[in-house]
1. Is it the case that Tyr119 is among the aromatic types (Phe, Trp, Tyr), within 16 Å of ligand 2 (Cβ to nearest atom) and touching a helix residue (DSSP H, G or I) at 6+ places or on another chain (Cβ under 8 Å)?
2. Mind telling me which of the residues Ile8, Ile72 ends up being farther than 21 Å from Ile140 by Cα, over 11 Å from the mean Cα position of the chain (by Cα) and surrounded by fewer than 17 Cβ atoms within 10 Å (Cβ to Cβ)?
3. When you scan segment 98-117, do you find a residue that is out of contact with any strand residue (DSSP E or B) (no Cβ under 8 Å at 6 or more places or on another chain), farther than 23 Å from Ile41 by Cα and either within 16 Å of ligand 3 (Cβ to nearest atom) or at pLDDT 95 or above (or both), even just one?
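The values are calculated or read from the model by the stated rules, or taken from the named source; none is laboratory data. The shown structure was predicted, so the numbers you read here are calculated from the model rather than taken from an experiment. Glycine gets a Cβ as well: all are built from the backbone with ideal geometry, and neighbour counts include every protein chain shown.
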Amino acid sequence: MGTMGRKIIGMDVDELLRLLNAAYASEWLAYHQYWLGAKVIKGPMKDAVVAELTLHATEELNHATLLVGRIIQLGGAPVTDPRRWFELSPCAYDAPDDPYVAVLLAQNIAGEQCAIDTYKKLMDATKDKDMVTYNIALTILEQEVEHEEDLQSLKEDLDLMVSRGNT
Ligand code: FE
Ligand code: FE
Ligand code: MG
């Protein structure tokens, strides 16, 4: 822990660590949801969607890396037990039990929308109080916004293909 680095934070550090651990838990669940979804997926445009889901999985894991780095830097304790991920995460875990492309896309779009909300709130909480965490939250938010649009574009193409294919 860096003492001066911690001292300059203009908010309750325990509350900040709680928000960071919640986001950290959420990233691991998102990682798994994407990673397994990419393995079990079935249906039209499968190859394009697998490529995107697989890339997003690695990007979610990288978000977890950024968050755990900040938690440790602040002298906090990252949640160590995966069983606590569900209770801490602000976002739901949607198991890829139905492997149809459209279902997986819808589940992951909902996940991204929750992630966007989470990082917007983390930015609001740290604005003018903790520039370092604010900057990390912005970096992640930019990628979550990109993820949502990637998935919604794929969904749009899939919907077009299905509707045109039926006429
Ligand atoms: Fe993420
Ligand atoms: Fe994402
Ligand atoms: Mg992408």
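1. yes
2. Exactly one residue qualifies, and that residue is Ile8.
3. yes
Results for (1) hydroxyl-bearing (Ser, Thr, Tyr); (2) assigned to a strand (DSSP E or B); (3) under 19 Å from Val145 (Cα atoms); (4) within 16 Å of ligand 1 (Cβ to nearest atom), shown as yes or no for each residue.
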| position | (1), (2), (3), (4) |
| --- | --- |
| His56 | no, no, yes, yes |
| Leu61 | no, no, yes, yes |
| Trp85 | no, no, no, yes |
| Asp98 | no, no, no, no |
| Ala102 | no, no, no, no |
| Gln107 | no, no, yes, yes |
| Leu122 | no, no, yes, yes |
